[in-house]
Amino acid sequence: MVYVTRREIFSASHRLFNPNLSEEENNSLFGKCNNPNGHGHNYTLEVTICGEVNPKTGYLIDLKLLKQIIIDNVINKVDHKNLNLDVDFLAGKIPTAENIAIAVWDELENKIPNGKLYSIRLLETENNYIEYKGKNV
Ligand code: NI
């Protein structure tokens, strides 16, 4: 089994709040992240595929192809966007790094032509990242 990872970056804004909770509860849960006009992050997304090397190509997956799949299905939808308002696959979700990572997994899982999706790692800052490996791990 080999693991191949492609890294992409994007910039986006968000506001963390739960519309079903009061202003006080949102403030206590999310603090500055609940500021009404939002704030931004430079995110790093790492998509890892696992599988066997194809003896004909020596590849698990052509990284140019993996890059294009990530750009078409994720980056073009989130880069320079408001994650609360603009992204179809985040509609109705609180756009925490956890929920973004899970939603990105769901977007990509069935679109990988060789090997299978192993993990989504989303870095929101240099010091914090979330890793998601699917429902059955
Ligand atoms: Ni934030």
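The values are calculated or read from the model by the stated rules, or taken from the named source; none is laboratory data. Keep in mind that what you see is a predicted model, and the values were worked out from it rather than measured. Neighbour counts are summed over all protein chains in view; Cβ atoms, including those assigned to glycine, are modelled from backbone coordinates with ideal geometry. Just so you know, the surface numbers come from the protein's heavy atoms only, side chains and all, with ligands and any DNA or RNA stripped out. Shrake-Rupley method; radii C 1.70, N 1.55, O 1.52, S 1.80 Å.
Annotations
- If you wrap the Cα atoms of the range 40-109 in a convex hull and average its projected area over all directions, you get 5.2 nm².
- 0 to 90° range, to nearest 10: angle between helix 97-108 axis and the chain longest Cα axis: 40
- Accessible surface for L117 stands near 10 Å², nearest 10, in the context of the full protein assembly shown (1.4 Å probe).
- Sparse packing (at most 11 other Cβ atoms within 10 Å of the Cβ) combined with a DSSP loop state is found for the following trypsin sites (Lys or Arg not before Pro) in the range 28-136: K56, K135.
- Evaluated over the Cα positions of the chain, the convex hull gives a direction-averaged projected area, one quarter of its surface, of 9.0 nm².
- Rounded FRET efficiency, nearest 0.05, which uses the C-beta distance separating N136 from H80 and R0 of 25 Å: 0.15
- Surface accessible to a 1.4 Å probe, per residue, for the residues of the chain, Å²: 61
- With a Förster radius of 35 Å applied to the beta-carbon distance between Q68 and E24, the computed FRET efficiency rounds to 0.15.
- Per-residue SASA entry for E52, accessible area with 1.4 Å probe, Å² rounded to 10: 130
- Averaging the sequence gap over all C-alpha pairs within less than 8 Å and six or more residues apart, then dividing by the number of residues, gives the chain a relative contact order of 30 percent.
- Rounded accessible area of Y132 (nearest 10 Å², 1.4 Å probe): 40
- Distance between modelled label sites at I9 and T125, nm, 7 Å Cα→Cβ extension: 1.8
- Note on exposure: L21, L63 ranked by accessible area (1.4 Å probe, complete protein assembly) read L63, L21, with the most exposed listed first.
- Only lysines eight or more places from K64 in sequence, or on another chain, were considered; those with a Cα closer than 28 Å are K56, K77, K81, K111, K116, K133, K135.
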